[in-house]
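Below is the structure I would like to discuss, written out as structure tokens.
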Amino acid sequence: MFGYSFGDLSAIFAMQAFDGLILFSVFILMSLGLAIIFGQMGVINMAHGEFMIMGAYVTYLCSNVFHHYLLGLYPIYFFVAMLLAFFAAGTAGMLAEWALIRHLYRRPLDTLLATWGLSLFLQQCYRSIFGAREVGVDLPNWMMGAVHAGDTIEIPINGLFVMGLTVVITIAVFVLLYRSSWGKKVRAVMQNRVMAGAIGINTEKVDRLTFGIGCGIAGIAGSAFTMIGSTNPSAGQLYIVNTFLIVVFGGAQSLIGTIASAFVISQAQSTAEFFLTGSMATVLVLLSVVGILMLRPQGLFVLKIRR
Amino acid sequence: MSANNGRSHLPSALRRRLLLGMAALPAAALLPRPVFADIPPTSAVNTTGLAVTDDSVTIGILHSITGTMAISETGSVEAEKLAISQINAKGGVLGRQIKFIQEDGASDWPTFAEKARKLLVSDKVAAVMGCWTSASRKAVLPVFEQYKGILYYPTFYEGLEESHDVFYEGQEATQQIIAGLNWIADTKKAKTFYLLGSDYIWPRTSNKIARKHIEDHLHLEVVGEDYFPLGNTEFNSVINKIKLKKPDVIYAIIVGGSNVAFYKQLKAAGVDMVNKQTLLTISVTEDEIRGIGGENIVGAYAAMKYFQSIDTPTNRAFVDAFKKMWGPQSVIGDVTQAAYEGPWLWSLECEKAGSFDTEKVIAAAPGTVFNAPEGPVKVHENHHLWSKLRIGRARADGQYDIVYVTPEDIEPNPFPKGYQ
């Protein structure tokens, strides 16, 4: 089949499966933050990519600081960087929510415009502070290279790292949303804001914290992406379209839906890319998503709530 | 005359000398003064209403300083500004200081066309140093041909173009692609090639030319060909394909920011360019390596006409001047050096033509020679440059070791027979 031997084919499948999983993890990281914000709060955050890049730039700064002052601790700088990225992006998100978004909850189209403006503002901030060109983020040595599982199968280490990170964050988000009291408040506010306010939940605080956590997760995602992509002021734009696609396709208010749709799209993309060219694969995947959304506009998974 | 009629008359000898001296004054005024004679009047050098005054001439700079191409084009802007400041320090062009108006193409081709129109029509610049991708050049070409402007285009490209209004400072396909492929097939005894590129006109046309050369002239095999949109960051699938096909040479024409993702992922996938896999690229200069990180691309070969590590006095002086102006961390890639040639070539052509009028400058251009950092370059009648090709191998510090130089300059041939 296609001129490959059986050994080769099984190696192809193994590597493609892993690459699909890595892409899947990347997509989940990108969209989990947006799923929380868009799904739970109905806010269309066009600046989501820029919060990711904020995380990437924080990682860049961390890398430089550790390189110059704390060279002995360099191997663990990445974890420190991710933590800082979470807090930096989260704080920025809460600030944005307080200053801008909270005035626009009843006007979803205006949040679209306002967050678009925020994204342009953030892009120019990065351009002015860091310059318009790419910045290179150096990885610690243990993160470079690949793991050899057999003769022809090679799994990149940073891919494994991203997968591990995704699992940890997804579990954390689920525990937070479904097992903590904050999560209960968030779900209450999402289902019926007025009643939630009436029983004494401080809806403003809940919204702010939710937005902050969503942006914080975006920051972690951006930090992880310094390993696989480039970091420049307009890199956020490359991710935002795919992120929205995944969130909407999965059903805006369901986190399981986001995960399912990330899986479907990533596998479809990575398989199609193998047999066709990159551009054609994207065309095929996007056409299918459009088709499915036309048949089922609410997305894959729908929350059953009484309206 | 020797009679002394009182104090009001000067002694006769002194009077004679005085009269002679006064007679000489008008003669002195008629002597040509060096300052005035070398500055032709504006009416003589500018008959088409360009932005020229008695002491200044304005040109345009049109590159992307934002977007995915910023990584590549920022260097060109810096080089052009360095050239302009050096020309001004020497006295300018036709006695006039060069001023420039800079516009941002924003990595968006329609924006390039719009800004080009603005520079030519509203600002009336005498020439434009601009563009980088072939897509941007194709977008502005109709504007330059309609408004009779001159464009100095710095990037190596696919050829198949010869516009009356454009000067191509970069190499075209036969100079860069064919000579590079010949070298690598010869030295590495390569039999199979995998072609990769970003998805727009330059990589596609270049790979078409490369494929023709590999299959029809070298009688070797192309085992795969793949394209990705500009700005794409996911290359794992194609890297798997490459590992499976095991080509002798990966021929990569990935452009702009995507290079960062591609080489990082290539390294992460365990592809060893130092010992096992040969990769030849024509789209990664020292500028892109700044973003990629030298350790991710070490061992790759690049086919360019210029590398920062060229060891000649002219190049060393150029690198020093560049670093003095733009910082000690600056790097200079092939296109950056070619962009540096732009204002110099234009100023030499204007001096030769004795005018800023675009038609006169274009007519005077062929045969102009400039002592560039890469070596002396000459303008061909087809508006390209004679130049050598060099092959470099990437080092971990972001510079290239030059492993081969063509012994002679290669004549530019944008319409090679048998490649179309």
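With runs of 4+ DSSP H residues as the only contributors, calculate the mean residue ellipticity of chain A at 222 nm using -39,500 (n - 2.57) per run, divided by the residue total and rounded to the nearest 500. Let's see the in-between values first.
Working: 11 runs with 214 residues, N = 307.
Here the helix-only value at 222 nm equals -24000 deg cm²/dmol.
Tally Lys and Arg at +1 and Asp and Glu at -1 over the other residues with C-beta under 14 Å from the C-beta of B:E215: what net charge comes out? Walk me through the numbers on the way to the answer.
Values: positive: B:K191, B:K208, B:R211, B:K212; negative: B:D216, B:E221, B:E225.
Cβ neighbours under 14 Å give a net charge of +1.
If you don't mind, there's one more thing I want to ask. Taking amide hydrogens as modeled 1.01 Å from N in the peptide plane, which residues meet the under 5 Å criterion relative to A:A146, leaving out close sequence neighbours?
Counting only residues 5 or more places away or on other chains, the set is A:I157.
Within the set of other residues whose C-beta is less than 14 Å from the C-beta of A:A272, count the net charge using Lys and Arg as +1 and Asp and Glu as -1.
Details: positive: B:K241; negative: A:D19, A:E273, B:D226, B:E234.
So the surrounding residues net to -3.
Now for a separate question. To the nearest 0.05, how large is the calculated FRET efficiency for A:R187 and A:A149 if R₀ is 45 Å and r is the Cβ-Cβ distance?
On the way: r = 41 Å, r/R0 = 0.91.
For R0 = 45 Å, the calculated efficiency reads 0.65.
Looking at the protein assembly as shown, what % of its DSSP beta bridges pair antiparallel, to the nearest 5? List each step's numbers first, then the result.
On the way: 22 of 56 bridges.
About 40 percent, rounded to the nearest 5.
Within 10 Å of each Cβ in peptide B:269-280, how many partner chain Cβ atoms are there on average? Round it to a whole number, please.
On the way: counts 8, 9, 2, 1, 0, 0, 0, 0, 0, 0, 0, 0.
Taking all residues of B:269-280 together, the mean is 2.
Quick check: Cα centre of region B:160-188 to Cα centre of region B:364-420, how many Å?
8
Using the Cα centre as the reference, give the magnitude of the dipole from point charges on the C-beta atoms of chain A (Lys, Arg: +1; Asp, Glu: -1; all else neutral), rounded to the nearest 20 debye.
Using Cβ point charges on Lys, Arg, Asp and Glu, chain A gives about 1600 debye.
Could I ask something else about it? Give me the percent of DSSP beta bridges within chain B that run antiparallel, rounded to the nearest 5. Present the calculation step by step, with values, prior to reporting the outcome.
Details: 18 of 52 bridges.
Bridges in chain B that DSSP calls antiparallel: roughly 35 percent.
Identify, among A:N158, A:G214, A:F263, the residue whose Cα sits farthest towards the positive end of the charge dipole of chain A, taking +1 on the Cβ of Lys and Arg and -1 on the Cβ of Asp and Glu, with the dipole about the Cα centre.
Among A:N158, A:G214, A:F263, the one farthest towards the positive end of the dipole of chain A is A:G214.
Measure up B:K124/B:K148; B:K212/B:K243; B:K245/B:K276; B:K208/B:K264; B:K191/B:K246; B:K189/B:K417 against 21 Å on the Cα-Cα distance and list the ones that go over.
Numbers: B:K124/B:K148 11 Å; B:K212/B:K243 24 Å; B:K245/B:K276 14 Å; B:K208/B:K264 26 Å; B:K191/B:K246 11 Å; B:K189/B:K417 26 Å.
Pairs exceeding 21 Å: B:K212/B:K243; B:K208/B:K264; B:K189/B:K417.
What does the convex hull of the alpha-carbon atoms of region A:78-189 project to on average, in nm²?
Working: hull surface 44.3 nm².
Projected area, direction-averaged: 11.1 nm².
Taking the Cα centre of the protein assembly as shown as the origin and placing charges on Cβ (Lys, Arg +1; Asp, Glu -1), which of B:L151, B:I98, A:G278 is farthest toward the positive end of the dipole?
Looking along the dipole axis, the top candidate is B:I98.
Next question. For the ranges A:64-77, A:19-32, A:246-259, what's the packing order if you count other beta-carbon atoms within 10 Å of each residue, average per peptide, and put the highest first?
Those peptides, ordered most packed to least, come out A:19-32, A:246-259, A:64-77.
With labels modelled as points extended 7 Å from the Cα through the Cβ direction, what inter-label distance (nm, one decimal) is found for A:A17 paired with B:A363?
7.4
Show me the ranking of peptides B:165-176, B:107-118 by mean Cβ neighbours inside 10 Å, starting with the highest. Display every interim value, and only then the final one.
On the way: B:165-176: 25.2, B:107-118: 20.2.
Packing proxy ranking, top to bottom: B:165-176, B:107-118.
Ignore the peptide's own chain and count Cβ atoms of other chains within 10 Å of each Cβ in A:269-279; give me the average, rounded. If you can, show how the numbers build up before the last one.
Details: counts 2, 4, 1, 1, 9, 6, 2, 2, 6, 12, 7.
Mean shielding by partner chains, rounded to a whole number: 5.
With labels modelled as points extended 7 Å from the Cα through the Cβ direction, what inter-label distance (nm, one decimal) is found for A:V167 paired with B:D272?
Rounded to a tenth, the inter-label distance reads 3.0 nm.
A further question on this structure: Excluding residues fewer than 8 places away in the same chain, name every one of the lysines whose C-alpha is closer than 29 Å to that of A:K184.
Hits, sequence-local ones excluded: A:K205, A:K304.
Also: Using a Förster radius of 35 Å, what is the FRET efficiency between B:K189 and A:L9 based on their Cβ-Cβ separation? Nearest 0.05, please.
Details: r = 29 Å, r/R0 = 0.83.
In this case the efficiency is close to 0.75.
Right, here's the next one. Averaged over peptide B:285-294, how many Cβ atoms belonging to another chain are found within 10 Å of each residue's Cβ?
On the way: counts 0, 0, 2, 3, 1, 4, 8, 3, 5, 1.
Partner-chain Cβ atoms within 10 Å, mean over residues of B:285-294: 3.
So, counting K/R as plus one and D/E as minus one, what does the shell of residues with Cβ under 11 Å around B:Y200 add up to?
Working: positive: B:K138, B:R204; negative: B:E158, B:D199.
Net local charge, B:Y200 excluded: 0.
Helix B:134-147 versus the longest principal axis of chain B: what angle, 0 to 90°, nearest 10, using Cα atoms?
Helix B:134-147 sits at roughly 30 degrees to that axis.
Suppose R0 equals 35 Å; then what is the FRET efficiency for A:T203 and A:S128 from their Cβ-Cβ distance, rounded to the nearest 0.05?
Values: r = 36 Å, r/R0 = 1.03.
Efficiency at R0 = 35 Å is approximately 0.45.
Continuing with this model, one more query. Counting only C-alpha contacts under 8 Å and six or more residues apart, can you give the relative contact order of chain A as a whole percent? Present the calculation step by step, with values, prior to reporting the outcome.
Values: 427 pairs, mean separation 105.3, N = 307.
Normalised by residue count, the contact order of chain A is 34 percent.
For the pair B:E215 and B:D320, how long in nm is the line joining their label points, each one 7 Å along Cα→Cβ?
5.2
Given the DSSP H assignment, sum -39500 (n - 2.57) over each helix run of at least 4 residues in chain B and divide by its residue total; what's the result at 222 nm in deg cm²/dmol, nearest 500?
Working: 15 runs with 165 residues, N = 420.
The helix-only estimate for chain B comes to -12000 deg cm²/dmol at 222 nm.
Find the all-direction average of the projected area of the Cα convex hull for the protein assembly as shown, expressing the result in square nanometres with one decimal place. All intermediate terms of the calculation are to be shown ahead of the outcome.
Details: hull surface 181.6 nm².
So the mean shadow area of the Cα hull is 45.4 nm².
Every number here is computed from the coordinates shown, using simple stated rules; none is lab data. Note that the structure is a prediction, hence the values are computed from the model and not measured. Reconstructed Cβ throughout: ideal geometry from the backbone, glycine too, with neighbour counts over all protein chains shown.
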